[in-house]
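Structure first, commentary second.
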Amino acid sequence: MREKISASTVNLQSIGVYLPSGRASNLACTEKFGVTRFFLEEKLGVVERAVKKEEETTSDLCLSAFQSLQGEQPVDLQQIQLVAVVTQNPDMKIPYTAAIVHQKLGVNKSCMTFDIGQGCAGYTHALTICTALMERLHFDHALLFTCDPYSNIVDPHDKDTALLFGDAASVSYLARGGAGYQLLDADFGTAPNSYTCLRCQDTLTMDGREVFTHAVREAPKSIQNVLTRNQLTLADIDLFLLHQGSKKVVEYIQKTLAIPAEKAPFAIQSYGNTVSSSIPLLLQEPLRQKQHTRVLLSGFGVGFSWGSCLLEFTQ
Amino acid sequence: MKTVEDILALTNDTFKLPANLQHDQSLREQGLDSLDVIMLLHEIEVNFDVQIPQEQTRQLRSLQDIVNFLNTSVSSDR
C-alpha cells in the first residue's frame with residue numbers, strides 16, 4: 001500500500017478540454033461501409049466524429065484546451081515547471097510538440113518540456129510519469145497535454161478505422177496545495193509480439209480482433225492488480241473511466257468485472273475515440289463536481305499496451 | 001468432440017449469439033457483424049483454451065467451420 005496523503009501531495013486539480021466543432025456523420029457512411037445504424041449506435045458507439053480544421057495543428061488544439069483550462073482554474077504560466085504533451089501526431093518531426101506549445105503559450109524559461117509518444121494508454125502513462133517527476137524533483141506546477149488528431153492519418157476508405165476516431169485535446173493541471181485527485185498507484189504492461197495491431201507508416205491500420213482480444217484480456221487484470229495491491233475491491237471504486245475504444249469493448253470489460261454500467265460510462269457517441277484524450281475528456285466533469293472519492297482510470301491500445309491509475313480525491 | 005451446441009452454449013452476460021442460427025450458413029450472412037464475430041472468436045479462445053491464428057479467421061465463416069476447426073485443433077494437439 002502506498003504512502004498516504006501529505007499536505008504537499010501533487011494533485012490533479014483541473015482539466016481543460018477541446019473538441020473541435022466540426023463533425024463527420026457516420027450515419028452518412030452506412031452504405032459505403034455496409035454497416036447499419038444499429039452497429040454504429042450499439043456496437044461501435046460512434047455516430048459522429050469530431051474533426052479539426054485541416055490547418056489546425058496538434059499544438060493549436062493543445063492551446064485551445066489550455067483556454068478551456070483557464071476557464072476552469074486560472075493558471076500562472078510563470079509558475080509552470082513542466083510541460084508534457086502526449087501525442088503520436090506531432091506538429092513536425094523536429095522539434096517535439098511540447099517545445100512548440102511552450103513557446104506558443106509563453107511559459108517561463110525554467111520549464112522541462114518533452115513529448116510522450118504513447119497512444120490510448122498515454123494519459124495513464126503520462127499522469128504517472130509527471131506525478132513521479134514532480135514528486136522526485138519537487139516541482140509544484142505542471143501542465144500535461146494530450147492530443148492525437150487521427151483525422152490526419154486515417155484512410156477515409158478503411159472500414160476498420162474510418163468510423164471510429166475523433167479529434168480532441170486536453171490539458172491537466174497538476175499542482176501542490178489544492179484539492180484534486182492524487183495518484184495513489186498505477187499498473188502497466190505491454191503485450192509481447194503485438195506492436196503491429198495498430199500502426200501507421202503513411203495511414204493508420206488496425207487489427208480490430210487483436211486489439212479487442214488484448215483489451216478485454218489485459219485491462220480487467222490490470223485493474224485488479226491495482227486494487228489488490230491497495231487492499232481495495234471493485235466496490236471501493238466510485239467511478240471507472242475506461243479508454244473509450246468502442247461501446248462493445250467498454251461494455252465487455254464492465255461486464256467482465258461485474259461492475260454497474262453507470263460506474264463505467266461510455267460517452268463518445270457524438271465525437272468518437274479520441275485516443276490519448278478519451279480518459280481526460282471523461283474525467284473533467286467528475287473533477288469539477290468533486291463527485292467521486294476514488295476513481296480508477298484504465299487506458300489500453302497502441303503498443304499493445306495498457307495502464308491503470310488509482311486516484312483518490314484529496315482536499 | 002466439440003459440437004455446434006457447445007458453441008451456442010457460450011452465450012453469457014457479456015456475449016450473446018442470436019437464436020436460430022443455421023449451422024452451415026455464413027455467420028455474417030445471418031446478421032452477425034464484424035464485432036460479433038470478433039467477440040465470438042474471443043469467447044471460443046477463452047472457453048475452449050485454443051488459439052485461433054489470424055490467417056485462419058477468414059475460413060471460419062459458419063458455426064460448422066468453427067466446430068471443424070476446434071475438433072481438428074484438439075486432435076492435432078494430442
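Descriptive notes on the structure:
- In the set (1) under 15 Å from the mean Cα position of the chain (by Cα); (2) touching a residue at least 60 places away in the same chain (Cβ under 8 Å), the condition left unmet by A:Pro265 is number (2).
- Any hit, segment A:44-63, residues being surrounded by 20 or more Cβ atoms within 10 Å (Cβ to Cβ), within 14 Å of chain B (Cβ to nearest Cβ) and either part of a helix (DSSP H, G or I) or hydrophobic (A, V, I, L, M, F, W, C) (or both): yes
- When B:Asn12 is tested against (1) outside any helix (DSSP H, G or I); (2) out of contact with any Asp or Glu (no Cβ under 9 Å at 6 or more places or on another chain); (3) within 14 Å of chain A (Cβ to nearest Cβ), just one condition goes unmet, and that condition is (2).
- Any hit, segment B:29-51, residues being out of contact with any Lys or Arg (no Cβ under 8 Å at 6 or more places or on another chain), over 25 Å from A:Thr256 (Cα atoms), assigned to a loop (DSSP other than H, G, I, E, B) and more than 13 Å from every other protein chain (Cβ to nearest Cβ): no
- Residue match in segment A:168-179 (condition: among the aliphatic types (A, V, I, L, M) and at pLDDT below 95): yes
- Residue within segment B:57-72 that is part of a helix (DSSP H, G or I), without any contact (Cβ under 8 Å) to a residue 40 or more places away in the chain and within 14 Å of another protein chain (Cβ to nearest Cβ) present: yes
- Any hit, segment A:210-217, residues being among the hydroxyl-bearing types (Ser, Thr, Tyr) and touching a residue at least 40 places away in the same chain (Cβ under 8 Å): no
- Meets criteria (within 20 Å of A:Asn89 (Cβ to Cβ) and either in contact with a helix residue (DSSP H, G or I) (Cβ under 6 Å, 6 or more places away or on another chain) or away from chain B (no Cβ under 14 Å) (or both)) for A:Gln244: yes
The values are calculated or read from the model by the stated rules, or taken from the named source; none is laboratory data. Everything quoted here is computed from the prediction, not taken from an experiment. Here Cβ is always computed from backbone atoms with ideal geometry, including for glycine, and neighbour counts include all displayed protein chains.
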